[in-house]
Amino acid sequence: MRRGYFVKNLIAFVGVVISICCLLVIMVSVLQLPEVTLRNKSTGPNRIIRTRKVSKDEAIGRFGEMMIEMLPEDLAFTVFVPSEKAFQRDLKLQLNDSLVAEKRNDTYAVVSRILGFSAVPHTLSSTTVSSSKEVFYDSLSGFTLYISKDLDGMLVVNRIRSEMVDLKRGEIIVHIMDGVIMDAEFEQAVQPDYTEED
């Protein structure tokens, strides 16, 4: 009779310990803030330099905010948002110049077109992508996105690597990319024309 009582208490004790451990894991994962990592060529490929933590708003940027505002927050989407540097480098969009009244409509058109190429009507976090295989989804515009994960756990979409992953805005999952996802036709349309004669 005494032995059955001990077994019941042991099972209850193990159940309480497992429950507490699960709660701690959930609390730590919810409170964990994303960290920006930079690779420095002078320190070698395997060294990572840690920089200050960046808030979600700083990481997404103003053009990224414009993209996200175009989507309903209560529906599940995944958006691969270009970083501010990528908007500037690849699309020549600059905050102080592209958002002035005369250029706002053109900027909005470009950003909405990029949204069509880089938004997927599914929730896709970095943890759901296996590092051993590539998955593909059609974007809102029908453009196929080939998504894989590199050794650092960052997503790679159509050969463009992510800088930050798994930022949340309501039901929307945002991944910050180090480039702009677009088809070849649109890429050719936004490239500067160097063949002009004076």
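Each residue was assigned an accessible area with a 1.4 Å probe, and for V110 the value is about 40 Å².
Between T127 and Y108, the contour length at 0.36 nm per residue exceeds the alpha carbon distance by 3.7 nm. Phi-derived couplings, Karplus 6.51 cos²θ - 1.76 cosθ + 1.60 at θ = phi - 60°, listed residue by residue for the stretch 122-128: 9, 8, 9, 8, 5, 6, 7 Hz, with x used for Gly and Pro.
Stretched out straight at 0.36 nm per residue, the stretch from Q94 to E69 would grow longer than its current Cα-Cα span by 7.1 nm. Stretching the chain fully between F13 and R62 yields a gain of 12.5 nm (0.36 nm per residue, less the alpha carbon separation). To the nearest 10, the accessible area of L75 is 90 Å² with a 1.4 Å probe.
A 1.4 Å probe over all protein chains sorts V165, V157 by accessible area into V165, V157, starting with the largest.
The values are calculated or read from the model by the stated rules, or taken from the named source; none is laboratory data. Predicted model, so just to flag it, every value in this text is computed and none were measured. Calculation scope for accessible area: heavy atoms of the full protein, side chains included, ligands and nucleic acids excluded. Shrake-Rupley method; radii C 1.70, N 1.55, O 1.52, S 1.80 Å.
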